[in-house]
1. What is the sum of charges around A:E26, taking Lys and Arg as +1, Asp and Glu as -1, for the other residues whose C-beta is under 15 Å from the C-beta of A:E26?
2. Taking the alpha-carbon centroid of each part, what is the distance from segment B:1-75 to segment A:64-132 in angstrom?
3. Between B:R222 and B:D167, take the C-beta separation as r, use R0 = 41 Å, and let me know the FRET efficiency to the nearest 0.05.
4. Taking square-rooted eigenvalues a ≥ b ≥ c of the alpha carbon gyration tensor, is segment B:2-118 rounded, prolate or oblate, where a/c under 1.5 means rounded and, failing that, a/b exceeding b/c means prolate?
5. Where in segment B:41-69 does the label zone of B:N21 land, with the point 7 angstrom along Cα→C-beta and an amide N cut-off under 14 Å?
6. Hey, what did chain B get for relative contact order, percent, Cα under 8 Å, at least 6 apart?
7. Express as a percent, rounded to the nearest 5, the fraction of DSSP beta bridges in the protein assembly as shown (both residues included) that run antiparallel.
8. Report the relative contact order of chain A, percent, no decimals, based on alpha-carbon pairs under 8 angstrom and at least 6 residues apart.
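The values are calculated or read from the model by the stated rules, or taken from the named source; none is laboratory data. Note that the structure is predicted; figures quoted are calculated from it, not measured. Here Cβ is always computed from backbone atoms with ideal geometry, including for glycine, and neighbour counts include all displayed protein chains. Side chains included, ligands, DNA and RNA excluded: accessible areas come from the protein's heavy atoms. Shrake-Rupley method; radii C 1.70, N 1.55, O 1.52, S 1.80 Å.
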Amino acid sequence: MAAAKPDSNFSPEIVALYCRQCLDAEERPQEGARPAKGFNARLVMLPCSGKVEAYQMLRILEQGADGVLLVGCPENACRFLVGSRRAEKRLTHAGQLLDLVNMGAGRLALKRAADLTTADILALAGQLAERVKTLGPNPMKGDSL
Amino acid sequence: MIVAEWKPIPELLASLKGHKNVLLVGCATCVAECAAGGEREVLTLAPVLKMGLKDQGQEVNIITRTLERQCEPEFVEELAEIAPQVDAIMSLACGIGMQLVAERFIDLPLYPGVNTTSLAIREQPGLWTARCAACGDCMLGETFGLCPVARCAKSLMNGPCGGTRKDGKCEVDENTECIWRLIVERAEAKGRLEDLVKVRPSKNWSNSGHGGPKRMLREDLR
Ligand code: SF4
Ligand code: SF4
């Protein structure tokens with residue numbers, strides 16, 4: 001049976017986990033829901049991207065978010081030296097597990113950047129939202145079975 | 001530590017077919033150290049199983065718990081309250097812990113979430129290698145602290161097989177040191193190479209698994 005084409009006509013919910021060290025020094029850290037054009041974002045600030053565990057990303061998806069964006073520092077600028085490298089390994093591991101259950105590793109994304117504003121983070125979340133649209137809504141929302 | 005590893009996800013999903021409420025239970029001791037069945041792995045596997053079953057059209061509620069030690073009845077008892085709420089248990093403990101849970105909650109099907117594979121150390125971050133095979137007649141005193149039972153692919157007792165690679169690795173696995181090369185090197189370094197050619201009494205295999213299930217009895221502790 002050919003797989004049905006995923007429904008791309010929806011407003012993805014993206015949870016953006018970002019390292020506070022990635023922010024511009026002038027930028028006030030922001031958290032919580034942020035509606036954006038064509039998607040909804042929820043910002044969660046971390047002390048370091050290396051603090052995130054695979055299970056946290058998986059649990060966010062299990063609870064219905066359409067995508068998880070992880071924002072960490074450039075590889076050689078991590079204040080905890082290996083934090084953003086660890087984050088990448090955990091995200092890869094979580095992605096492999098997602099592929100095994102047909103959720104698609106594409107629902108996870110890691111971006112490395114410095115001196116960000118909240119608007120920059122939302123723009124990165126928007127890029128993931130576009131990719132997630134090709135995967136369709138998260139089946140865990142309970143509305144696509 | 002006792003080392004275990006997750007069973008393949010499709011196998012785990014197949015075992016939970018038809019169940020509605022599952023208790024996923026880990027152990028905070030050995031299997032946590034080898035990153036297979038501690039709290040973190042329980043929390044990782046639970047959403048994976050839920051998503052995988054949903055993909056197959058099955059809704060499942062997964063309750064997670066991690067016991068301090070799944071191989072001690074006192075800790076297993078902590079599950080008594082939750083057991084009536086579930087129709088199956090999946091355990092991420094070693095085979096020892098799993099059996100205790102299965103015995104305590106005899107009416108519930110118990111599914112192994114991991115395969116128990118070895119007695120090993122964490123040699124590097126993310127790499128565990130076998131050190132002991134619980135042979136029941138430890139010979140480390142004769143082999144300079146290196147175990148040929150667990151660490152030689154052929155469990156040879158009297159020196160290398162002859163297939164040791166030029167770089168000193170085992171002929172069976174290019175990533176594993178030939179343990180007999182290491183034993184010889186250590187003997188040489190200690191100036192005791194001749195100890196290895198001494199005729200030793202034969203090893204007592206009857207105290208290993210070959211003698212049937214082990215039973216250790218200590219009257220002074222009963
Ligand atoms: S000789 Fe036997 S008991 Fe000693 S470390 Fe090797 S397998 Fe374990
Ligand atoms: S190469 Fe060394 S470790 Fe490998 S089987 Fe031969 S003796 Fe054993």
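1. -2
2. 26 Å
3. Working from the Cβ atoms, E equals 0.20.
4. It comes out oblate by the Cα gyration axes.
5. B:60-64
6. It rounds to 17 percent for chain B.
7. 35 percent
8. Across chain A, relative contact order equals 33 percent.
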